[in-house]
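The block underneath contains the structure these notes are about, expressed in structure tokens.
Any read-out appearing in this document is the output of simple, stated calculations on the displayed coordinates, not a laboratory observation. All values derive from a computational prediction rather than experimental measurement. All Cβ positions, glycine included, derive from the backbone under ideal geometry; neighbour counts span all protein chains shown.
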Amino acid sequence: MTQHDTIIIGGGHNGLICATLLARAGQRVVLLEANRNLGGLAATREFFSGFNAPLASTLYAMPEKIVAELQLDQHGYTPSSQTLDLIALSRNENPIHIKADTIGGAEVGESTSYGDYQSMLRTFAKALAPFWSKTMPAISDRKLSSLATFGHLGIKLRTMGRADMLEFFRVAMLPMRDLVDEYFKSESLRAALCWDGLVGTSMAPRSPNQSVITVLSRMAGSHGGLHTIPSQGMSSLISALESAAIAAGVEIRTETPVSKVIVGGDEHGQQVDGVLLANGETIRASRVVSSADPKTTFLNLVGAPALEIEFTNRIRRLRTKGYVAKLNLALSSLPKFKGLDEPNGRMITADKMDDLEFAWDSAKYGEIPETPVMEIVIPSLRARGLAPEGKHVLSANVMYIPGQISGGWTAAKKQELLSRLIAILDLHAPGLSTLVEHAELLTPEDIQNEFNVSGGHWHHAEPSVDQLLMMRPTYEAAQYATPIPGLYLCGAGSHPGGDISGNAGRNAAKAILS
Amino acid sequence: MTNNPDRLRQNSTDPYAGERLKLSYFHERQAPLNLRDAWSAWNGFKFADYYYDTDYEYFCIRNTCGTYDICPMQKYIIDGPDALAMLDRMVTRDLTKLGVNRVTYCGWCNDSGRLIDDGTIFRLSDEKFMLTCGSPCIAWLRKSSLGFSNLEITEATEDFAALSLQGPTSFATLKAMGLGEVEQLKPFNLIHLPFQDGEIMISRTGFTGDLGYELWVEPRLALPMWDALYEAGANYGIQPYGEAATNMARLEAGFLMPYMEFNEALKTVNFEYDQTPLELGLGWLVDFKKPHFNGRRALLRQKNEGLKVKLLKLDIEGNKVAEEAILYNDEKQSREIGYVTSAMWSPAVKANIAFAMVDAKAANGEIWAEIYYQRELRQQMKMARCTIKDKPFWVHPRARQTPPSLT
Ligand SMILES: Cc1cc2nc3c(=O)[nH]c(=O)nc-3n(C[C@H](O)[C@H](O)[C@H](O)COP(=O)(O)OP(=O)(O)OC[C@H]3O[C@@H](n4cnc5c(N)ncnc54)[C@H](O)[C@@H]3O)c2cc1C
């Protein structure tokens with residue numbers, strides 16, 4: 001039997017990255033993934049015969065640094081440099097195209113404002129960028145030394161200049177709505193610009209918290225917040241990560257759910273001793289690194305009894321309700337959207353910010369919103385192999401859809417939501433419904449069950465101020481190490497959070513190796 | 001038994017009934033004996049500070065016997081296959097060693113190793129435990145039970161009528177009451193004996209450091225038990241005693257009082273204004289051989305780094321009680337090194353005694369107390385030299401002797 005130093009739970013992109021970096025540093029690593037496919041929430045699956053779609057359809061947060069560090073180019077991955085326009089669809093007006101520096105299809109004044117808005121956000125995003133790839137200092141009442149990272153941020157903010165720094169402090173916690181209100185007039189434009197601060201969270205345009213920070217963190221990627229789709233598909237990123245892991249010596253086992261983290265103990269205290277698999281097999285190792293979400297890791301795999309009382313109660317209270325559903329459509333041909341030559345962007349179906357707000361109002365009371373808002377891409381226009389020749393895949397993130405609805409999700413309720421969504425699509429792309437060969441709708445509950453993520457949450461745990469930075473997922477586990485010697489976290493529930501960025505996996509590996 | 005919050009209040013037609021203090025199951029007997037009407041409150045119960053005279057009641061504890069009402073003490077039943085594991089992870093002591101029909105004194109800490117409360121745990125059967133403590137702790141018990149699916153926690157405070165019987169003639173009194181079988185009961189053991197048409201649970205426990213027992217019955221047997229006890233104890237000097245006399249006896253015996261020696265960690269606002277068991281001299285309660293219990297990591301760190309402060313027992317020169325005194329490293333008050341938490345003139349030891357929280361480093365040097373006292377309304381101050389005592393101030397072999405003596 002092979003001996004392992006380290007067991008990685010979960011083969012999402014963060015688990016794969018962490019495994020590779022540890023193996024490259026000489027550790028004998030085995031990675032255990034519950035599902036058949038690697039990639040976790042970014043895995044590509046065939047949802048209908050001949051039609052494939054990943055849950056996470058676009059890239060924006062993946063740093064070039066990590067791609068280079070892992071030499072993913074040598075494993076078949078080529079990042080795309082062709083960005084997708086963000087397109088504000090509206091029922092009654094022409095679509096507005098939002099690009100890196102300009103806006104097409106809106107009043108002239110809006111374009112000027114957009115320039116100001118973008119340059120402000122870019123300044124802030126640049127100042128914050130180093131933060132996403134660093135381990136946060138622990139909250140400690142004594143150690144000032146660990147505050148060096150904050151010192152660094154302070155310097156970064158100072159170098160923006162006094163005026164920008166003060167402006168940063170003014171806007172950092174604004175609701176998205178108040179921020180975009182200051183700059184823009186067009187309702188649909190404002191709604192589309194809100195989207196990137198909100199998607200994946202339980203915040204709506206009027207929620208004060210950290211939506212602006214979410215926007216800024218998403219702007220830290222290669223294209224200043226604009227999205228891309230690799231020409232070989234998202235699957236090319238995951239298979240490159242897999243290939244890099246294997247090349248580094250990682251043993252990968254899929255369809256291998258872990259049911260327990262084994263915590264041993266003697267008079268010297270506790271120590272991780274391996275994992276128990278659902279099939280009854282035990283794998284020993286003195287280090288276990290989990291990319292499963294924090295609730296799953298601590299409450300299901302470790303179990304509260306092996307942890308401390310206040311800690312477990314903080315984990316229990318983590319907010320992990322996801323509100324994004326996924327709609328995948330197999331289309332017999334390319335749909336025609338009103339006012340667009342080609343639906344080759346990222347299209348937001350909100351006439352106004354209140355569409356988002358009202359959808360959230362329903363969702364927070366456990367109701368299916370009357371008019372959910374969608375972020376639509378047609379990845380088959382960008383990536384090969386997702387649909388049979390001439391046919392297309394439409395993939396939409398749908399907000400805000402509760403994981404638990406009053407009375408529970410039933411086939412009928414899902415059908416009802418699906419009909420609403422297709423009716424909305426028909427408004428923007430008349431006749432689209434006639435092209436649908438197959439529709440798949442995954443509610444947050446489905447995502448939870450299929451991808452083993454609490455609440456089906458995009459970020460594994462809500463990225464709100466109380467669950468961010470040195471509080472992510474909670475203090476005493478925010479530096480990737482946990483209260484149990486030998487147990488670490490490396491997934492989206494850790495700093496800096498979700499999205500396909502690899503930061504959590506890479507930061508964790510660095511913390512473990514340091 | 002139902003937990004009707006009003007069932008211990010005087011009168012349900014009283015519009016302020018919910019605001020009034022609850023009355024103990026023994027109130028009917030205790031009230032007429034409270035000659036001074038010296039009532040205060042404990043956990044929402046009307047509770048006697050003293051009945052007649054604190055010193056008199058104290059001398060009853062040490063020379064004859066007395067009863068102390070522990071109805072207001074909080075009681076919880078933790079029952080089920082996971083009960084032992086849950087409590088063992090909660091408290092710092094190794095509970096797996098606690099046999100059935102045994103009682104143990106223990107403390108429990110928050111994650112940072114700060115003491116939440118102390119109390120006693122009774123092992124009533126393999127899977128059934130009773131925890132008693134000074135202030136409510138149901139919320140902490142519930143938090144502690146997260147992840148243990150196989151147990152039930154019941155708030156049982158009002159399900160028991162309980163009385164502490166303490167003092168050298170307490171055994172003689174029980175014997176005269178027909179409960180002579182307690183003769184073989186060792187300290188921290190418990191026994192169930194028939195009483196009238198029911199049962200009485202007797203544990204050899206208490207808070208005075210003396211020979212003593214705690215008696216537990218269902219509420220309907222409260223007054224019958226009182227009457228039988230007082231009838232039997234008439235010739236043995238039985239007398240109810242209140243909080244004030246308890247406080248004297250427990251200090252002599254070296255027992256800690258919440259809100260005097262320590263602040264309960266969950267209620268402390270200022271950082272580290274609470275205390276760890278190690279600082280409180282309760283290191284013997286902390287079993288680091290257990291691989292895991294709440295607060296272990298923090299306590300181990302403190303043990304390795306060394307204590308900054310520790311609770312000391314002081315013998316203070318003179319007879320002026322050092323209540324609330326600040327401590328210094330010399331008579332000239334060059335440096336403040338701590339403060340007194342409880343102090344008294346001990347009649348049994350004939351000494352001026354105190355508990356004090358002192359800078360650990362200063363404990364090796366001189367300790368001086370700045371004592372304020374009054375002489376006919378004039379404030380006086382004196383500096384008094386203190387000596388550290390390692391043992392409890394008062395210990396008596398009769399407390400542990402089995403079979404116990406009759407006097
Ligand atoms: C609908 C949706 C759309 C999204 N779209 C995008 C997007 O377009 N772009 C983007 O950047 N981000 C997107 N995200 C977010 C992004 O996909 C996630 O934040 C990211 O993939 C998280 O990666 P991870 O490796 O940390 O965790 P995951 O990808 O969740 O991987 C964790 C893995 O652990 C496995 N696991 C869990 N428990 C066990 C166990 N007991 N035993 C073994 N294995 C276990 C799971 O099966 C899973 O494979 C989207 C998320 C959702 C929900």
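Quick check: the distance between the Cα centres of the stretch B:209-235 and the stretch B:80-99, to the nearest angstrom? Each part's Cα centre sits 30 Å from the other's.
Beyond 22 Å in Cα-Cα separation lie the following of the pairs B:LYS361/B:LYS382; B:LYS308/B:LYS389; A:LYS134/A:LYS321: B:LYS361/B:LYS382; A:LYS134/A:LYS321.
Taken about its Cα centre, the stretch A:141-244 carries a charge dipole of roughly 340 debye when the Cβ of each Lys and Arg holds +1 and the Cβ of each Asp and Glu holds -1.
Simple spin-label estimate for A:LYS99 and A:ASP164 gives 2.4 nm between the two label positions (7 Å along the Cα-to-Cβ direction from each Cα).
Compute the longest continuous run of chain B that contains no exposed chymotrypsin sites (Phe, Trp or Tyr not before Pro); treat a site as exposed when its DSSP state is not H, G, I, E or B and it has at most 14 other Cβ atoms within 10 Å. Mind showing how you got there, number by number?
On the way: sites that count: B:TYR16, B:TYR259, B:PHE271, B:TYR273.
Between the exposed loop sites, the longest stretch runs B:17-258.
With contributions of -39500 (n - 2.57) from each DSSP H run of at least four residues, the per-residue ellipticity at 222 nm computed over chain A stands at -10000 deg cm²/dmol. Residues considered: B:PRO291, B:PRO240, B:PRO392. Largest GNM mean-square fluctuation over chain B, using C-alpha springs under 10 Å, is found at B:PRO291. Among A:LYS260, A:LYS185, B:LYS289, B:LYS310, a tally of other beta-carbon atoms within 10 Å of each Cβ gives an order, fewest to most, of B:LYS289, A:LYS185, A:LYS260, B:LYS310. In terms of packing, defined here as the mean over residues of other Cβ atoms within 10 angstrom, the peptides A:339-348, A:4-13 line up highest first as A:4-13, A:339-348. For a straight C-alpha distance cut-off of 13 angstrom, the aspartates and glutamates reachable from B:LYS332 (same-chain residues fewer than eight places away being disregarded) are B:GLU366, B:GLU370.
If R0 is taken as 30 Å, the Cβ-Cβ distance between B:LYS332 and B:GLU305 corresponds to a FRET efficiency of 0.45. For the pair B:TRP39 and B:TYR16, a Förster radius of 22 Å applied to the C-beta separation gives a FRET efficiency near 0.85, rounded to the nearest 0.05.
Place a +1 charge on the Cβ of each Lys and Arg in the protein assembly as shown and a -1 charge on the Cβ of each Asp and Glu, then give the dipole magnitude about the Cα centre in debye, rounded to the nearest 20.
On the way: 92 positive and 105 negative charges, 396 e Å.
Charge dipole, the protein assembly as shown, about its Cα centre: 1900 debye, nearest 20.
In terms of the Cα gyration tensor, with a ≥ b ≥ c the square roots of its eigenvalues, is the stretch A:69-190 rounded because a/c is under 1.5, prolate because a/b exceeds b/c, or oblate?
Details: a/c = 2.69, a/b = 1.44, b/c = 1.88.
Oblate, because a/c is 1.5 or more while a/b does not exceed b/c.
Take the Cβ atoms of B:ASN319 and A:ASP466, set R0 to 51 Å, and the FRET efficiency comes out at 0.35. Using the Karplus relation 6.51 cos²θ - 1.76 cosθ + 1.60 with θ = phi - 60°, the per-residue 3J(HN,Hα) values for the stretch A:441-458 come to 10, 10, 7, x, 5, 5, 5, 4, 6, 7, 10, 6, 10, 3, x, x, 6, 3 Hz, with x marking Gly and Pro. Counting 0.36 nm for each residue step from B:HIS396 to B:ASP55 and taking away their Cα separation leaves a gain of 120.8 nm.
Only helical DSSP H runs with n ≥ 4 go in: add -39500 (n - 2.57) per run for chain B, normalise by residue count and round the 222 nm mean residue ellipticity to 500 deg cm²/dmol. Please list the in-between numbers first.
Working: 8 runs with 72 residues, N = 407.
Computed mean residue ellipticity for chain B: -5000 deg cm²/dmol.
Please compute the net charge surrounding B:LEU165, taking Lys and Arg as +1 and Asp and Glu as -1 over other residues with Cβ under 13 Å from its Cβ. If you can, show how the numbers build up before the last one.
Numbers: positive: B:LYS175, B:ARG204; negative: B:ASP69, B:ASP210, B:GLU214.
Summing Lys/Arg as +1 and Asp/Glu as -1 gives -1.
When the charge dipole of the protein assembly as shown is built from unit charges on Cβ atoms (+1 for Lys and Arg, -1 for Asp and Glu) and taken about the Cα centre, the candidate among A:GLN82, A:ILE98, B:PRO224 whose Cα reaches farthest toward its positive end is A:GLN82.
The stretch A:36-109 and the stretch A:186-230 have Cα centres spaced 14 Å apart. Amide H to amide H, with H built 1.01 Å from N, A:LYS260 comes under 5 Å of A:LEU276, counting only residues 5 or more places away or on other chains.
Please give the length that would be gained between B:ALA31 and B:VAL269 if that part of the chain were fully extended, namely 0.36 nm times their separation in residues minus their C-alpha to C-alpha distance (nm, one decimal).
Details: separation 238, 0.36 × 238 = 85.68 nm, distance 3.68 nm.
Length gained between B:ALA31 and B:VAL269: 82.0 nm.
Which shape class applies to the stretch B:308-389: rounded if a/c is under 1.5, otherwise prolate when a/b exceeds b/c and oblate if not, where a ≥ b ≥ c are the square roots of the Cα gyration tensor eigenvalues? Don't skip to the end; give the middle numbers.
Values: a/c = 2.02, a/b = 1.30, b/c = 1.55.
Oblate is the answer for the stretch B:308-389, as a/c is 1.5 or above yet b/c matches or exceeds a/b.
Applying a DSSP loop filter and a limit of 14 other Cβ atoms within 10 Å to the GluC sites (Glu not before Pro) in the stretch A:37-120 leaves A:GLU107. Among A:MET62, A:MET353, the ranking by other beta carbons within 10 Å of each residue's beta carbon, starting with the fewest, stands as A:MET62, A:MET353. A simple spin-label model places pseudo-atoms 7 Å from Cα toward Cβ; at B:MET381 and A:HIS438 they are separated by 8.8 nm. For the stretch A:118-218, averaging the sequence separation of C-alpha pairs within contact (under 8 Å, six or more residues apart) and dividing by the residue count gives a relative contact order of 31 percent. Which lysines have a Cα lying under 20 Å from the Cα of A:LYS99, excluding residues fewer than 8 positions away in the same chain? Straight-distance partners of A:LYS99: A:LYS126, A:LYS185, A:LYS338, A:LYS352.
Within 10 Å of each residue's Cβ, count the other Cβ atoms and sort A:CYS490, B:CYS133 from fewest upward. Present the calculation step by step, with values, prior to reporting the outcome.
Details: A:CYS490 30, B:CYS133 23.
Exposure proxy ranking, most exposed first: B:CYS133, A:CYS490.
Bridging of B:LYS75 to lysines at a Cα separation below 29 Å is possible for B:LYS22, B:LYS46, B:LYS97, B:LYS128, B:LYS143, B:LYS175, B:LYS186, B:LYS267, B:LYS289, B:LYS290, once same-chain residues fewer than 8 apart are set aside. Remark: spin-label model distance B:HIS192-A:LYS364 equals 5.3 nm, labels positioned 7 Å along the Cα→Cβ axis. Think of it this way: in chain A, A:CYS194 stand alone, with no other Cys Cβ under 4.7 Å.
Shape of chain B from its Cα gyration tensor (a ≥ b ≥ c, root eigenvalues): rounded if a/c is under 1.5, otherwise prolate when a/b > b/c, or oblate? Oblate. Please report the relative contact order for the stretch B:308-389, taking Cα pairs under 8 Å with a sequence separation of at least 6, and give it as a percent rounded to a whole number. After rounding, I find 38 percent.
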